[in-house]
1. Assuming 0.36 nm per residue, please report the length gained on full extension of the stretch residue 31 to residue 66 beyond their Cα-Cα distance.
2. Scan around residue 91 for amide H atoms under 5 Å from its own, H built in the peptide plane at 1.01 Å from N, and keep only partners 5 or more places away or cross-chain.
3. What is the spin-label model distance, in nm, from residue 59 to residue 21 if the labels are put 7 Å beyond Cα along the C-beta direction?
4. Give the peptides 17-28, 73-84, 36-47 in descending order of average Cβ contacts within 10 Å, highest first.
5. Taking θ = phi - 60°, what integer Hz values does the Karplus form 6.51 cos²θ - 1.76 cosθ + 1.60 yield along region 23-37, in sequence order, with x for Gly and Pro?
Amino acid sequence: MNISNIDGGAHPKTEAVIARLHALQPGKAQLKNGRFQELFPAIEQALARGVPQKSVVNELAKSDLSMSMGGFRSLLEAERKRRAELGDTLCCDSCGSLINNPDQLQEHRQDADPK
């Protein structure tokens, strides 16, 4: 995309501005959110298996994604809400059944687990 000035030519500073904009990097919070979003399915599966949130937070910290318990809960709820709005669903990793929420995933696993 080329931005033109009145005489139809490219503004001399346009290319420099475009280059600087391309060089910008996301902030720390955006990187953390992106990483959390990537890990979200595995996080939800761990929670559905009954893994304590504190254990998940400790494991995330080992991979340079450290946060407080409050920060974890906040990101978890925000990501659950974002995915619900998108219609994104979780699947049972053992049978592939669609699961609408993490509580339902836990119940599903308990029902599928022969005792």
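Only the coordinates and a few stated rules stand behind these numbers; no lab work does. Here the structure is a predicted model, which means the values were calculated and not measured. Ideal geometry is used to build each Cβ from the backbone, glycine not excepted, and the neighbour counts take in all protein chains shown.
1. Numbers: separation 35, 0.36 × 35 = 12.60 nm, distance 1.21 nm.
Extra length from residue 31 to residue 66 when fully extended: 11.4 nm.
2. 99
3. Between residue 59 and residue 21, the simple spin-label model gives 4.1 nm.
4. Numbers: 17-28: 8.7, 73-84: 14.3, 36-47: 16.8.
By packing density, highest mean first, the sequence is 36-47, 73-84, 17-28.
5. Each residue of region 23-37 in turn: 7, 5, 10, x, x, 4, 5, 5, 5, 5, 4, x, 5, 4, 4 Hz.
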